[in-house]
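What follows is one structure encoded as structure tokens, with my remarks underneath.
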Amino acid sequence: MGSPINWGILSGDTAVLNSDLYLKYSSTTFANLNSTTIKDDIKSAIASNESAGVVAYLCWLLRVLALVG
């Protein structure tokens with residue numbers, strides 16, 4: 001299953017919801033996000049099935065920033 005352009009998550013997906021990167025950004029407004037920092041976090045992620053949900057979330061953040069940029 002791929003990730004749609006408009007990211008979403010099931011409420012029970014604790015692997016994403018409890019991840020350090022999700023918690024880092026989920027309480028920040030889009031106005032205060034920095035695309036360079038998000039890209040650096042994507043680069044530091046291990047390219048695995050386990051990180052796919054978090055990386056999809058980070059990519060969604062970048063798409064939203066591009067839309068409002």
Least to most buried among I38, I46 (fewest other Cβ within 10 Å first) | I46, I38
Average Cα contact separation per residue, segment 1-60, under 8 Å, 6 or more apart, as relative contact order % | 49 percent
Taking Cα atoms, how many degrees apart are the long axis of helix 35-44 and the longest axis of the chain, rounded to 10 and kept between 0 and 90?
-> 30 degrees
Using θ = phi - 60° and the Karplus form 6.51 cos²θ - 1.76 cosθ + 1.60, what ³J(HN,Hα) does each residue of segment 28-33 get, whole Hz, x for Gly and Pro?
-> 10, 6, 4, 4, 9, 7
Rounded to two decimals, what ratio of Rg to Rh does the chain give with C-alpha atoms and a Kirkwood Rh?
-> 0.93
Rounded to the nearest 10 degrees, what's the angle between the helix 52-68 long axis and the longest principal axis of the chain, both from Cα atoms, 0 to 90?
-> 20 degrees
What's the extension gain from S11 to N34 if we count 0.36 nm per residue and subtract their Cα-Cα distance?
-> 5.7 nm
Divide by every residue of the chain the summed helix terms, -39500 (n - 2.57) for each DSSP H run of at least 4, and state the resulting mean residue ellipticity at 222 nm, rounded to the nearest 500 deg cm²/dmol.
-> -15500 deg cm²/dmol
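Computed from the coordinates by the stated procedures, all read-outs in this text should not be read as laboratory data. From a predicted model like this one, the values you see are computed outputs, not experimental measurements. We place every Cβ from the backbone using ideal geometry, glycine too, and count neighbours over all the protein chains shown.
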